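To start, the structure itself, in structure tokens.
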Amino acid sequence: MPLEEWKELLHGRHRSFGPGSKVLMTSRDKQVLNNVVDETYEVERLSYEEALQLFSSKALKNCISTIHHRDLIGMIASNVQGNPMALIVLGSSLYGKSTEEWYSALSKLAQNPRIENALRISYDGLDKEQQSIFLDIAHFFRRFEQKQAIRILDGFYRRSVIFDISTLIDKCLVTTSHDTLEIHDLLQEMAFSIVCAESKFPGKRSRLCHLPDVVHVMEENKGTKEIEGISLDISKLSRQIHLKPDAFAMMDGLRFLKFYFDHFSEDNKDKIILPPIGLTFLSNKLIYFHWDGFPSISLPQNFCAEHLVELNLSYSKVEKLWTGVQNCQIYQRPKNLVCFNLVGCVRLTEVPSSLQHLEKLEELDIRFCNNLRSFPMLDSKVLRVLAISRCLDITKCPTISQNMKRLELWETSLKGVPQSVTSKLEHLSLRGCSKIIKFPEISGDIKELYLGWTAITKVPSSIQFLKKLNSLSFGGCSKLETFPEITVPMKSLTFLNLDNTGIKEIPSSLVKHMISLGTLLLRGTLIKELPLSIKDMVCLSRLRLDGTPIKTLPELPPSLTSLTASDCESLETTMISTITLDSLMEALDFANCFKLDQKPLIAAMHLKIQSGEKISLDRIQMVLPGSEIPEWFGDKGIGSSLTIQVAIKLSSAQGNCFLPCLSTPSSLP
């Protein structure tokens, strides 16, 4: 988190955090913490023995060390001064190397024992293209999905870079976490220094990602053919920047261009201004082109998109993607395009017909293109993801690949989806397609099925045989009045949404066989009672009953952590005990349940507090209607504030408890 955001968070921190809260901040610059933190602690370097052990684990792994190795390990570990990152990177780079290469590394390190030099030794051991790939990752691909980064880098180098990425990972110059690429701050700064040393003029460097450098080059038209990539977080701009039509005219070596929003807002959309004629030039070598809020109605007429692998113009002013010559010359088509994103392009009225010839297209996202009137046939045999939403003029399902895995067609005028499309789907969303009245024919591979706010009246019993189904939603299907009997276990289903349907009862077979269900949403239904066997749903953690005519709540499963039943006007009794109360740590809401007998609930809460037992997450949250504060609350007052004298330091570990209770008028001004 940027320091300024930390300062805002910590300002008045006694209001922001509860008693006993501790905020831990890390920085390599002690000065920036002045007047921000209460205490500073300098992290100790590894001891000599710890450094030896860490370096040996990377440089030798399972190999038995020789006398020469042991001596060298000691000398190298001493030179890097116990810095873990340097030990890991340098050790990994020397694994499998000869003794002579170890001595060479030691000699180089001895000349300049700074940590940066230890890291540089590993970088220098790469070949030229691997060095270039490392610099690309450090500048542009940190936190990219590994699959996506490799796809783009394959386009950069016109070959597979999987081996090179693996080499960087083996040398600990790059790491992976949850299938995303990561790089240590020290290594990233080393990469920045290497590129910065290319020239004292930012416009003559190969990669630009620092805000002042990018703004200077773009506004002053200082770009050159040396620039291969530019990345800019538009949301960090403090003012508008005005570009000339030929802002990219000299950057014919540009392969990577990313102008993006860290967070979307209307202000961010207008921070980069182009003249009415738009751009007159973009590099024909572009592999990755991402410009959120692109401020022109079209791409340059002479732009050749044949090398593009990804194109993202989300929330832009684009009306047509390309005009004139590109519609008639095959070589101009983005024939290598894999991902195409036009989310929120509200001025776009049509998608180019040439889209049907993109044989490598895997993902197409045109959600919230509200004025889109037509959609071409797609011949791509590899198309896996298609997302269209709020395009009411689309009345027929596009002719698309039978290998589709994810299909989203929200709020369109479709009347159905052919089985040829759904045969291999894993995710299908038809939410808000109000003209769909029939349950679609679904493949056995389906995992997520969202049919909310459609006109579906019946759910087939065959749904129980969808063995991979984990999420199922009918929220808003007001004409759906029954749910089929379930006769076989649905082991994968964890989420079921029946909010605002016409369903009047929950079959006991549903409770019995949905053995993995974690979330059950029944808000706004006509359900008057729950099956007594609901207590046996051992995985159920969230139950929503708001606005139902339910009269009594039976015993609930001990796994339940959140229960909301606000506006249940008929609710009178519950079977919630001190044991159930302990698990309901996230939410327990009975707002506007005026017939509810509150005494057992309040007594259970009082008993739980008095017992001194450990309370899950150190809190109990309960919302009840009423106009009186229970008698056992010690400090009371009328008005907007209350001062309480605390005799001892509050600490959950000591069994102390602070319990607020608020009573408000039925209608607030």
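Computed from the coordinates by the stated procedures, all read-outs in this text should not be read as laboratory data. As the structure is a prediction and not an experimental result, all values here were calculated from the model. All Cβ positions, even for glycine, are placed from backbone atoms using ideal geometry, and neighbour counts span all protein chains on display.
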Quiz item: Between N370, L126, I534, whose Cα lies farthest towards the positive end of the dipole of the chain when Lys and Arg beta carbons carry +1 and Asp and Glu beta carbons carry -1, centred on the Cα centre?
Solution: N370
Quiz prompt | Under 15 Å from K435, Cα to Cα: aspartates and glutamates that are on another chain or at least 8 residues apart | solution = D393, E411
Quiz item: How much of the calculated P(r) for the range 438-588 lies past 28 Å, in percent of all Cα pairs?
Solution: 15 percent
Practice problem: Within the range 333-376, list the trypsin sites (Lys or Arg not before Pro) lying in a DSSP loop whose Cβ has at most 16 other Cβ atoms in a 10 Å radius. | Solution: R347, K360, R373
Self-check item: Förster radius 41 Å - calculated FRET efficiency between E631 and D267 (Cβ-Cβ, nearest 0.05)
Solution: 0.20
Practice problem: Counting helices only, and only those DSSP H runs with n ≥ 4, report the 222 nm mean residue ellipticity of the chain as the sum of -39,500 (n - 2.57) divided by its residues, in deg cm²/dmol to the nearest 500. | Solution: -6500 deg cm²/dmol
Practice problem: Using a cut-off of 10 Å between beta-carbons, work out the net charge of the residues near T395 (Lys and Arg +1, Asp and Glu -1, T395 not included). | Solution: +2
Exercise. Find the Cα radius of gyration of the range 128-186, compare it with 2.2 N^0.38 Å by division, and give the number to two decimals.
Key: 0.98
Exercise. Subtracting the Cα-Cα distance from 0.36 nm times the residue separation, let me have the gained length for S78 to N34 in nm, one decimal.
Key: 12.7 nm
Exercise. Can you tell me the order of 306-316, 595-605 when each peptide is scored by its average per-residue count of other Cβ atoms within 10 angstrom, highest first?
Key: 306-316, 595-605
Quiz item: Once you charge only the Cβ atoms, +1 for Lys and Arg and -1 for Asp and Glu, what is the size of the charge dipole of the chain about its Cα centre, to the nearest 20 debye?
Solution: 1320 debye
Quiz item: Between T457 and S104, how many nm apart are label points set 7 Å from Cα along the C-beta direction?
Solution: 8.0 nm
Quiz item: Within the set K204/K258; K258/K447; K128/K236; K396/K438, which residue pairs have Cα atoms separated by over 22 Å?
Solution: K258/K447; K128/K236
Quiz prompt | Gap separating the Cα centres of the range 268-318 and the range 500-576, nearest whole Å | solution = 51 Å
Self-check item: Cα→Cβ-extended label distance, 7 Å offset, between V385 and D445, nm
Solution: 1.6 nm
Quiz item: Mind checking which lysines have their C-alpha under 26 Å from K595, skipping anything on the same chain fewer than 8 residues away?
Solution: K504, K528, K535, K551, K608, K636
Quiz item: How much of the calculated P(r) for the range 416-455 lies past 16 Å, in percent of all Cα pairs?
Solution: 27 percent
Quiz item: Using 1/(1 + (r/R0)^6) with R0 = 35 angstrom and r between the beta carbons of E485 and S166, what's the FRET efficiency to the nearest 0.05?
Solution: 0.10
Exercise. Let me know the Kirkwood hydrodynamic radius for the chain, please, with Cα pairs as the basis and the value in Å to one decimal.
Key: 30.2 Å
